[in-house]
1. How many of the residues in the stretch 127-160 are touching a strand residue (DSSP E or B) at 6+ places or on another chain (Cβ under 7 Å) and among the polar types (S, T, N, Q)?
2. Would you check which residues across the stretch 172-187 are open to solvent by less than 60 Å² (accessible area, probe 1.4 Å) and part of a loop (DSSP other than H, G, I, E, B) and list them?
3. Could you grab me the full set of residues in the stretch 75-133 that are acidic (Asp, Glu) and open to solvent by less than 90 Å² (accessible area, probe 1.4 Å)?
4. Out of everything in the stretch 45-82 that is assigned to a loop (DSSP other than H, G, I, E, B) and among the aromatic types (Phe, Trp, Tyr), what residue ends up being nearest to the chain's Cα centre (by Cα)?
5. Could you please find all residues in the stretch 42-65 being over 19 Å from His114 (Cβ atoms) and surrounded by fewer than 13 Cβ atoms within 10 Å (Cβ to Cβ)?
Amino acid sequence: VWRGSWIYSQGFDPPHQSDTRTIYIANRFPQNGLYTPQKFIDNRIISSKYTVWNFVPKNLFEQFRRVANFYFLIIFLVQLMIDTPTSPITSGLPLFFVITVTAIKQGYEDWLRHNSDNEVNGAPVYVVRSGGLVKTRSKNIRVGDIVRIAKDEIFPADLVLLSSDRLDGSCHVTTASLDGETNLKCCPG
């Protein structure tokens, strides 16, 4: 929406008087003279399933969703409530063993995912802030930041190519981690 008189009063360059174009990134256009910041999610990567607080209930829920585990749980509960010729230990002990071993395995795998996430989130990147190049962590990238990527670096976020140091202004990107294709894709500048 173009509100010419409002833009002049706020110090914005009108398009017909400027040789350059100004793009305001990560901000809504102010309405009624009030600035309204948008709320964006952060750039952290979280591939883990569990936290310290939800591990036991979430893991038990996932394990008892399996038909075999649920079946043996029902058998165990029936043996506890009704006098049966077999002991509840014969079905409870193997069930407890399977649940415990699976929980340990899934907990270890999730701990590895936490470590991997911390490594990716803590990777150093260079971002333009306050007119200068600042070194920060990839989890601190915000919407609208201009990120400098060097040759053979991994992209720390979804990015739009603004410029390249190649003469034709292009760059080549591999998307093997996304789609498994190892060929280079050209991004024209």
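The values are calculated or read from the model by the stated rules, or taken from the named source; none is laboratory data. Model, not experiment: these values are computed from the prediction. Positions of Cβ are backbone-derived with ideal geometry, glycine not excepted, and every protein chain shown enters the neighbour counts. For the accessible areas, the whole protein counts, side chains as well, though only heavy atoms, and no ligand, DNA or RNA atoms are used. Shrake-Rupley method; radii C 1.70, N 1.55, O 1.52, S 1.80 Å.
1. The qualifying residues number 2.
2. From the stretch 172-187, those open to solvent by less than 60 Å² (accessible area, probe 1.4 Å) are 173, 175-176, 180, 187; that's our starting set.
Thr175, Gly180 - these are the residues of the stretch 172-187 that are open to solvent by less than 60 Å² (accessible area, probe 1.4 Å) and part of a loop (DSSP other than H, G, I, E, B).
3. In the first step, residues of the stretch 75-133 are kept if they are acidic (Asp, Glu); the result is 83, 109-110, 117, 119.
Those that are acidic (Asp, Glu) and open to solvent by less than 90 Å² (accessible area, probe 1.4 Å): Glu109, Asp110, Asp117.
4. Going residue by residue through the stretch 45-82, those that are assigned to a loop (DSSP other than H, G, I, E, B) are 45-54, 65-66, 82.
With the extra rule that they be among the aromatic types (Phe, Trp, Tyr), the set shrinks to 50, 53.
Numbers: Tyr50: 15, Trp53: 20 Å.
Of everything passing the filter in the stretch 45-82, Tyr50 is nearest to the chain's Cα centre (by Cα).
5. Looking only at the stretch 42-65, we keep the residues that are over 19 Å from His114 (Cβ atoms), and these are 60-61, 63-65.
Within the stretch 42-65, Phe61, Arg65 qualify.
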